[in-house]
Amino acid sequence: MPLKIELKPGERLLIGGTAIRNGPRRSSFVIETVTNFLRESDIILESEADTACKRLYLTLTVLYLAEPTPEAENLFISQANELIAAASSMAPYLRDIHELLAKGERYRALKRCKDLIQYEQSLAERLSAPGDLDPASKG
């Protein structure tokens, strides 16, 4: 079934391994074959992957856009294990992502990883909040 895509001015789109950037005007086109693609709002650049969960998202992006390779799958497992070792509270997210990948639902796995990135950010904010973490600092 064809899919109509509308792009905002300057918006990027990844189709397979190809990056497309729209010109200065809004445009639309139709994808007539089955392919994986990501809109700009779903893309994290390698230079933006400054946390462990964002790097995991990059790995999932590769698994989604290209045919999964054993190397990419092994990298996902390694990254997931490191995250669980660092923060076991991430395990439910990672379990969900793994189950989605096992079912071939790679786009849904990416979406679930976005939830994990939000969770990681909330953990970082709680840890960097001043005050209650060090009882000795209360005078």
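Some notes on this structure:
- Glu11 falls short on exactly one of the conditions (1) surrounded by 13 or more Cβ atoms within 10 Å (Cβ to Cβ); (2) out of contact with any strand residue (DSSP E or B) (no Cβ under 6 Å at 6 or more places or on another chain); (3) under 30 Å from Ile84 (Cα atoms), and that condition is (3).
- Set side by side, the residues Leu75, Leu38, Leu110, Leu58 differ, and just one is at pLDDT 90 or above, closer than 25 Å to Pro2 by Cα, part of a helix (DSSP H, G or I) and not aromatic (Phe, Trp, Tyr), which is Leu110.
- Assessment of the stretch 61-72 against the conditions (touching a Phe, Trp or Tyr at 6+ places or on another chain (Cβ under 9 Å) and of a type in the set (Phe, Trp, Tyr)) yields at least one matching residue.
- Annotation: of all residues in the stretch 41-55 being assigned to a helix (DSSP H, G or I) and among the hydrophobic types (A, V, I, L, M, F, W, C), the one that is surrounded by the fewest Cβ atoms within 10 Å (Cβ to Cβ) is Ala52.
The values are calculated or read from the model by the stated rules, or taken from the named source; none is laboratory data. A quick note: this is a predicted structure, and the numbers were derived from the prediction, not measured. Cβ: placed from backbone, ideal geometry, glycine included. Neighbour counts: every protein chain shown.
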